[in-house]
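Trainee: Before anything else, here's the structure in question.
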Amino acid sequence: MTERLFYTDSYLTDFDARVVENAEAGVRLYLDRTALYPSSGGQPNDLGTLNGIRVLDVVDEGERIAHVLERPLQAETVSGSVDWARRFDHMQQHSGQHLLSAVFEALYGMKTVSFHLGAESSTIDLETPALSPAQVRAVEERACELVFECRPLSVAFEDAAVAAGLRKASEREGTLRIVSIEGVDRSACGGTHVKSTGEIGPVQIRKLEKIRGNVRVEFLCGHRALRRARADYEALNAAAKLFSSPLDEVPALVQTLQEQAKDAEKARRKLAVELAVRRGAELFAAAAEDPSGLRRHVERVSDGGLGDEQRALAQGFTSTGRGIFAAACDNPPSVMLATSVESGVNAGKRLKELLAVHGGRGGGSAQMAQASLPTTEALNALLEAL
Ligand SMILES: [Zn+2]
């Protein structure tokens with residue numbers, strides 16, 4: 001059984017231990033004791049070194065803890081060290097989680113059903129259908145107040161049968177490790193924690209997400225909250241610079257810009273259709289008249305399909321005089337056929353006849369029909385026949 005030194009001292013970073021078993025050709029070590037925390041209870045594992053060799057993973061196997069090394073180590077005893085920056089970050093997030101869970105419960109009776117400490121951010125799932133912005137602000141402020149008060153955190157070992165006042169009842173039997181925040185919280189937990197709420201640093205609630213009838217609350221503590229606030233400021237400041245405006249006016253300015261862009265796009269589309277109708281009439285004027293007085297034009301585009309612009313061209317062409325207008329697109333293979341009333345050609349009927357020979361699906365009215373073809377070859381054969 002591996003003695004877990006972090007249970008009684010979260011601040012221990014250097015330790016000596018005896019090698020109990022050397023497995024997998026020396027890359028999986030079991031020690032009599034360790035200060036390296038294994039992934040468990042929602043807290044990610046520590047990183048560090050054993051005799052200077054990097055520890056890639058620390059695995060909780062129940063009784064024992066396995067240390068997975070970067071390369072083999074053959075030794076009777078080892079000197080271990082814990083990557084303190086990573087560990088302290090986990091301590092800030094984990095203690096912050098206890099604090100936030102306790103405040104959510106104290107202020108609004110919202111129970112924490114699960115939590116996750118992630119590499120970027122952490123989350124708490126609250127048993128509540130909704131969480132208002134005012135509630136978020138109140139919880140964040142209360143949590144930060146408790147940080148400013150530097151409430152002591154302590155660890156005690158109590159018998160499960162008599163341990164009382166826990167935020168969440170434990171299903172474990174025997175001895176419980178209880179982490180307390182003075183006057184705020186008592187929770188059964190095996191994780192590593194700071195010794196004062198002051199060390200948690202800033203507590204920041206971020207994204208809310210509804211998941212399976214609960215609300216998932218993303219939060220950051222300590223250095224993470226500080227770095228994120230700095231990154232937020234820089235992003236917002238860059239946007240404000242583009243507008244030459246104060247930071248707080250950016251959302252309103254973006255909204256105005258969005259509305260303007262929408263209006264401009266609407267006007268542009270209207271003008272594009274008008275222009276295409278005129279171009280259609282020009283194409284008609286430029287097309288040669290056959291002996292029967294009919295004019296033809298084929299408009300070809302390589303990709304993007306056939307849409308409003310081709311329809312407007314067709315309209316301009318066929319409304320000017322006796323004409324047949326076809327538009328074709330290579331990718332996806334598609335065709336449009338438009339005829340003027342005076343042409344005497346039924347576009348829908350004619351296209352159906354061609355599709356029966358060349359494959360494809362589509363149809364339309366007497367003056368306008370459209371179809372998709374299976375291949376570019378079928379499209380070319382259809383145009384040829386047309
Ligand atoms: Zn915990």
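Trainee: Any idea which residue in region 190-215 is nearest to the ligand (Cβ to nearest atom), counting only those that are farther than 19 Å from V113 by Cβ and in a loop (DSSP other than H, G, I, E, B)?
Mentor: Filtering first and then ranking leaves H193.
Trainee: Got at least one residue in region 126-148 being part of a strand (DSSP E or B) and on the phi < 0 side of the Ramachandran plot?
Mentor: Residues of region 126-148 that are part of a strand (DSSP E or B), as a first pass: 126.
The next check asks that each one be on the phi < 0 side of the Ramachandran plot; those that pass are 126.
Scanning region 126-148 turns up at least one residue that is part of a strand (DSSP E or B) and on the phi < 0 side of the Ramachandran plot.
Trainee: What are the residue pairs meeting all of these: first residue in region 174-192, first residue more than 14 Å from V147 (Cα to Cα) and among the hydroxyl-bearing types (S, T, Y), second residue within 11 Å of the ligand (Cβ to nearest atom) and part of a strand (DSSP E or B), Cβ atoms under 6 Å, and 6 or more apart or on different chains?
Mentor: Between residues of region 174-192 that are more than 14 Å from V147 (Cα to Cα) and among the hydroxyl-bearing types (S, T, Y) and residues that are within 11 Å of the ligand (Cβ to nearest atom) and part of a strand (DSSP E or B), the close pairs are S187/V179.
Trainee: State all residues of region 13-22 that are over 14 Å from A75 (Cβ atoms) and more than 36 Å from the chain's Cα centre (by Cα); if no residue qualifies, say none. Write out each step before concluding.
Mentor: Of all residues in region 13-22, those over 14 Å from A75 (Cβ atoms) come to 13-15.
Answer for region 13-22, where residues must be over 14 Å from A75 (Cβ atoms) and more than 36 Å from the chain's Cα centre (by Cα): D14, F15.
Trainee: Which pairs have Cβ atoms under 7 Å, sit 6 or more apart or on different chains, and link a residue in region 33-51 that is under 11 Å from R87 (Cα atoms) to one that is of a type in the set (D, E, K, R) and away from the ligand (no atom under 16 Å from the Cβ)?
Mentor: Pairs that qualify, where the first residue is under 11 Å from R87 (Cα atoms) and the partner is of a type in the set (D, E, K, R) and away from the ligand (no atom under 16 Å from the Cβ), are N45/D57; D46/D83; D46/R86; L47/D83; L47/R86; G48/D83.
Trainee: Still on this model: Looking only at region 144-189, which residues are polar (S, T, N, Q), surrounded by fewer than 18 Cβ atoms within 10 Å (Cβ to Cβ) and within 13 Å of the ligand (Cβ to nearest atom)?
Mentor: Residues of region 144-189 that are polar (S, T, N, Q), as a first pass: 154, 170, 175, 180, 187.
Those left that are additionally surrounded by fewer than 18 Cβ atoms within 10 Å (Cβ to Cβ): 154, 170, 175.
Matches in region 144-189: S170 only.
Trainee: Sticking with this one: Can you find even one residue in region 129-139 that is free of Cβ contacts under 8 Å to residues at least 12 places away in the same chain, away from the ligand (no atom under 16 Å from the Cβ), of a type in the set (S, T, Y) and farther than 25 Å from P44 by Cα? Spell out the reasoning first.
Mentor: So the first thing to find is which residues in region 129-139 are free of Cβ contacts under 8 Å to residues at least 12 places away in the same chain, and the list is 132-134, 137.
Retained after the next criterion (residues that are away from the ligand (no atom under 16 Å from the Cβ)): 132-134, 137.
Add one more test, that the residue is of a type in the set (S, T, Y), and what stays is 132.
From the residues that got through so far, the ones that are farther than 25 Å from P44 by Cα too are 132.
Yes, that holds for at least one residue.
Trainee: Any chance you could count how many residues in region 297-310 are in a strand (DSSP E or B) and surrounded by fewer than 16 Cβ atoms within 10 Å (Cβ to Cβ)? Before you say what the answer is, go through the steps one by one.
Mentor: Step one: filter region 297-310 for residues in a strand (DSSP E or B), giving 297-303.
Filter once more, keeping what is surrounded by fewer than 16 Cβ atoms within 10 Å (Cβ to Cβ): 298, 300, 302-303.
Count: 4.
Trainee: Can you find, within region 35-62, the residue that is surrounded by the most Cβ atoms within 10 Å (Cβ to Cβ) among those that are within 16 Å of the ligand (Cβ to nearest atom) and outside any loop (DSSP other than H, G, I, E, B)? Quick ask: steps written out before the conclusion?
Mentor: Going through region 35-62, the residues within 16 Å of the ligand (Cβ to nearest atom) turn out to be 37-46, 60.
Imposing the further condition that a residue be outside any loop (DSSP other than H, G, I, E, B) reduces the set to 39-40, 43, 60.
Values: S39: 14, S40: 15, Q43: 24, D60: 17.
By that ranking, first place goes to Q43.
Trainee: For region 361-386, how many residues are touching a residue at least 24 places away in the same chain (Cβ under 8 Å) and in a loop (DSSP other than H, G, I, E, B)?
Mentor: Going through region 361-386 one residue at a time, the tally reaches 6.
Trainee: Give the residues of region 149-165 that are assigned to a loop (DSSP other than H, G, I, E, B) and among the aliphatic types (A, V, I, L, M), sorted by residue number.
Mentor: A160, A161, V162, A163, A164
Trainee: Looking at A235, A231, A261, A240 in this structure, which one is in contact with a Pro (Cβ under 7 Å, 6 or more places away or on another chain) and farther than 25 Å from A134 by Cβ? Please lay out each step first, then the result.
Mentor: Numbers: A235 fails: in contact with a Pro (Cβ under 7 Å, 6 or more places away or on another chain); A231 fails: in contact with a Pro (Cβ under 7 Å, 6 or more places away or on another chain); A261 fails: in contact with a Pro (Cβ under 7 Å, 6 or more places away or on another chain).
Step by step, each of A235, A231, A261, A240 is checked, and only A240 is in contact with a Pro (Cβ under 7 Å, 6 or more places away or on another chain) and farther than 25 Å from A134 by Cβ.
Every read-out reported here was derived from the displayed coordinates using simple, explicitly stated rules and does not represent laboratory data. Predicted model, so just to flag it, every value in this text is computed and none were measured. A quick note on method: Cβ atoms are made from the backbone with ideal geometry, for glycine too, and the neighbour counts reach across all protein chains shown.
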